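The values are calculated or read from the model by the stated rules, or taken from the named source; none is laboratory data. Because the structure is a prediction, the values reported are computed rather than measured. Ideal geometry is used to build each Cβ from the backbone, glycine not excepted, and the neighbour counts take in all protein chains shown. Calculation scope for accessible area: heavy atoms of the full protein, side chains included, ligands and nucleic acids excluded. Shrake-Rupley method; radii C 1.70, N 1.55, O 1.52, S 1.80 Å.
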Amino acid sequence: TAAQDDDHHDHSGEIVVTGMRRMEGDVLGGLSVLDSEELARELRPSLGETLARQPGVSATSFGPAASRPILRGLGGDRIRVLTDGIGSFDRSASSPGHWVAINPLTPGRIEVLRGPAALPYGSSAIGGVVNVIDRRIPREEPEGGYDINGLLEYGTAAEERSANLSVDGEIADHFVIHADGNWSKSDELRTGGHLLTRELREEAAASPFPEIQELAELKGELPNTAAKSWELAGGLAYVDGPLNAGVSVTRHDALYGVPIRFSLDPDIEAEAPTIDVKQTRYDARAEIPLSGFFSQLRLRGGYAKYRHDEIEDTGEVGSTFNTKGGEGRAEIVQAERSGWGGTSGIQYFKRKVFIDGEEKFLPDSKQRQTGIFTMQSLVKGPLRLEGGFRVEFSKLDAKEDADLGTPEMSRDFTTFSASAGGAYEFSPGWRAGLSLSRSARAPSIDELFANGPHAGTQAFEVGNPDLDPEKSVGLEASIRRSGGPVGLTATAYYSHFSNFIFQAATGGVDDDLPVYQYFQGKADYYGFEVEAEAELGNALGIHWDADMVADYVHARVKDFGPAPQIPPFRLLGGVSANGGPVEGRLEIEHAFRQNRNAPLETETDGYTLVNASLDWHPLDENKSVVLGIAANNIFDVVARRHSSLLKDYAPLAGRDIRLNARFEF
């Protein structure tokens, strides 16, 4: 949907995006902001599926539990998923089968940045940033001394049950304590029809083996997709106007199944891995007002211990992932003088990765990264200019591993990224923008050092220790209209990669798994995103609004062909109605057929989803008490996302009726 934050709809005011205060329309690149009400409407079991209807956003869709956002056709280590500006400290970037250690029940707001606006957040944000902003370190004193938020939800597609409760309380002058907890549990996901694509069903039906022929009739329930999770967090902060500082601790625990990649070869047994995730995370933040040339100092840091076991269908642990790491940021904000302002800072990131077990595919590795950046802006009347750069120093090491047959390896990279652009208000409410960016990203640990079977992705992964930094030059143009009854944002972009890193199937098989190897070459990405919204006026005592989203990305790698897992052209339109205590919405999403496929990649049929929702505010004195019902995929169609490695075996959810109750006191 064309979801935007309430502040973003305030066409005369400022917005705060990932901690940086800006005027509406000044972000260099695409922006989507979801507030708590929109999140409640869009809520799905995973972060990727929750955001998948935003412009330019798709998802890895590796089952209902493990689904990570994809921005403009880019995923993995090109997308940074943040918690309040700091990394999620999980292993989700390395594999679509890995859970994002951020529960979509907890955020108060999510920001999605696409394009050069992501520059301050690391070279891994070359494709964009998803910043999940929670309230675990309070930023303000609650009115009346306390604040209680709750959410209950039930979904029929997987018999999903979830609950979230958050409490803030003032325990002394300017001291605020926070506590929250959430729990969710779901059964096997029910889909709208056959599990296998028509081509695979025909192949299975033609097999001489009865056990393979049976696969052609699989439909409805998607095996090995049940999940359960819980999370507890506590925080303490000192808040005195613009001065605030605090800490928080979070414990996350999840157990979920990865959909089966059914084998049509009777000699190869399809695996049904279950992943058991545990993470303990520590966070700290301070925002200190200054005087003189600088107006504010912002400090942010986090550290986490992450572990997950990949459990085989026999109950044995095939491999165990352990990650320890931390990240820190220090930013200093300039006081605005004659229209000139900016933010500069330094960022440090360190992590260690250890994998144990028979299906270890990566040697023990360590990554260290230091980045120095600045973003500057100048406003003169209707003209706004923005520019910035980032220098990053990366060091990646891998120990010798005799079992994998890999020697001791070490790589050092220095990368430079920069962006510059401007926006001009050529007519009241109309603003045109143009930006140019140069981005560089050091290869990741997995891209360099992988060499073994990975049960989570059901692939034999092979890295390339000789990879060079990935570099791109991009151009982006936009036009925006704000104010009045009609709003419009249209963005077109083009990026040329000189050393694009990609993973592709080789056609080989090792350890009964298809071999996927990392390669490098020139690539071109281009596309567009369009958002429009309009107030239709009043009829029958109801206020009516309409919105529309269209997005498209085209990607090709030289001497290879179309880039893999690129989402097709998509249209989404909706009509919303507000009649006193009741709000309703009807939307239709159509994804076109994707027949521009990478070598060994199959085509994906188009699909049309029809969704509807209704919210009721039963209390006039407290509009934040809401009872809601939503019906997703009303016509129970079979939908497959081209960006999913499991699309030919695991469709999206079928008809899903969702009930929710949310409140705030």
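What accessible area per residue comes out for region 282-421, rounded to a whole number of Å², with a 1.4 Å probe?
Per residue, region 282-421 has an accessible area of 46 Å².
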One finds, for VAL575 and ASN595 with R0 = 30 angstrom and r their Cβ-Cβ distance, a FRET efficiency to the nearest 0.05 of 0.45
Is the shape of region 194-253 rounded, prolate or oblate, going by the alpha carbon gyration tensor and its root eigenvalues a ≥ b ≥ c, with a/c under 1.5 for rounded and a/b larger than b/c for prolate? prolate
Charge dipole magnitude, Cβ of K and R +1, D and E -1 - region 504-572, Cα centre, debye nearest 20: 380 debye
Highest to lowest packing among 217-224, 67-74, scored as the average C-beta count within 10 Å: 67-74, 217-224
Cβ-Cβ FRET estimate between ASP412 and LYS324, R0 fixed at 25 Å, reported to 0.05: 0.70
From the Cα centre of region 590-626 to that of region 378-456, the distance in Å is 30 Å
Subtracting the Cα-Cα distance from 0.36 nm times the residue separation, let me have the gained length for LYS278 to TYR154 in nm, one decimal. 42.2 nm
Please name whichever of PRO453, ALA335, THR406 sits farthest to the positive end of the charge dipole of region 318-471, dipole taken about the Cα centre and charges placed at Cβ: Lys and Arg +1, Asp and Glu -1. ALA335
Write down the accessible area per residue of region 154-204 in Å², having rolled a 1.4 Å probe over the full set of protein chains. 46 Å²
1.4 Å probe accessible area per residue over region 533-624, in Å²: 51 Å²
Given a 1.4 angstrom probe, I'd like the percentage of the accessible area of region 355-420 that is carbon and sulfur, rounded to a whole number. 56 percent
Among the lysines, which have Cα under 21 Å from the Cα of LYS324 when same-chain residues fewer than 8 positions away are ignored? LYS278, LYS305, LYS350, LYS352, LYS360, LYS366, LYS395, LYS399
Consider the candidate values (1) 31.4, 97; (2) 24.2, 80; (3) 35.5, 124; state which one is Rg and Dmax of the Cα atoms in Å computed from the structure displayed. (2)
With a cut-off of 8 Å between alpha carbons and a minimum separation of six or more residues, what is the relative contact order of the chain in percent? 11 percent
Please list, in order along region 344-360, the HN-Hα scalar couplings obtained from phi with the Karplus expression 6.51 cos²θ - 1.76 cosθ + 1.60 (θ = phi - 60°), rounded to whole Hz, x for Gly and Pro. 10, x, 9, 9, 10, 9, 8, 8, 10, 10, 10, 10, 10, x, 5, 9, 4
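Hey, what number do you get for the chain at 222 nm if only DSSP H runs of n ≥ 4 count, each worth -39500 (n - 2.57), divided across all residues, to the nearest 500?
It comes out at -1000 deg cm²/dmol, rounded to the nearest 500.
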Accessible surface ranking that places the most exposed of ARG109, ARG655, ARG281 first, with a 1.4 angstrom probe: ARG655, ARG109, ARG281
Per the charge dipole of region 167-265 (beta-carbon charges, Lys/Arg positive, Asp/Glu negative, Cα centre), the residue among ALA226, VAL247, PHE262 reaching farthest to the positive end is PHE262
At a 1.4 Å probe, what is the % contribution of carbon and sulfur to the accessible area of region 59-213? 55 percent
How would LEU513, LEU475 line up by accessible area, probe 1.4 Å, largest first? LEU475, LEU513
Other residues with Cβ under 10 Å from the Cβ of ILE79 give, with Lys and Arg +1 and Asp and Glu -1, a net charge of +4
Put +1 on the Cβ of each Lys and Arg and -1 on the Cβ of each Asp and Glu in the chain; which of ALA420, VAL638, VAL575 then has its Cα farthest toward the positive end of the dipole? ALA420
How many nm separate the modelled label positions at LEU540 and ASP466, each set 7 Å beyond the Cα in the direction of the Cβ? 6.8 nm
Simple Cβ-charge dipole of region 349-420, Lys/Arg +1 and Asp/Glu -1, about Cα centre, in debye nearest 20: 760 debye
Using 0.36 nm per residue, how much length does the chain from THR608 to ASP265 gain when fully extended, once their Cα-Cα distance is taken away? 120.2 nm
Residues whose modelled amide H sits under 5 Å from the amide H of GLU160, counting only those 5 or more places away in sequence or on another chain, are GLY155, ASP187
So if I take the centroid of the Cα atoms in region 58-129 and the same for region 170-236, what is the distance between those two points in Å? 19 Å
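Where the only charges are on Cβ atoms (+1 Lys, Arg; -1 Asp, Glu), what is the dipole of the chain about its Cα centre, to the nearest 20 debye?
2120 debye
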Multiply the residue separation of VAL582 and PHE209 by 0.36 nm, subtract the distance between their alpha-carbon atoms, and state the gained length in nm to one decimal. 128.6 nm
Calc'd 3J(HN,Hα), region 478-489, phi into Karplus 6.51 cos²θ - 1.76 cosθ + 1.60 (θ = phi - 60°), Hz, glycine/Pro = x, comes to 9, 9, 9, 10, 9, x, x, x, 10, x, 8, 9
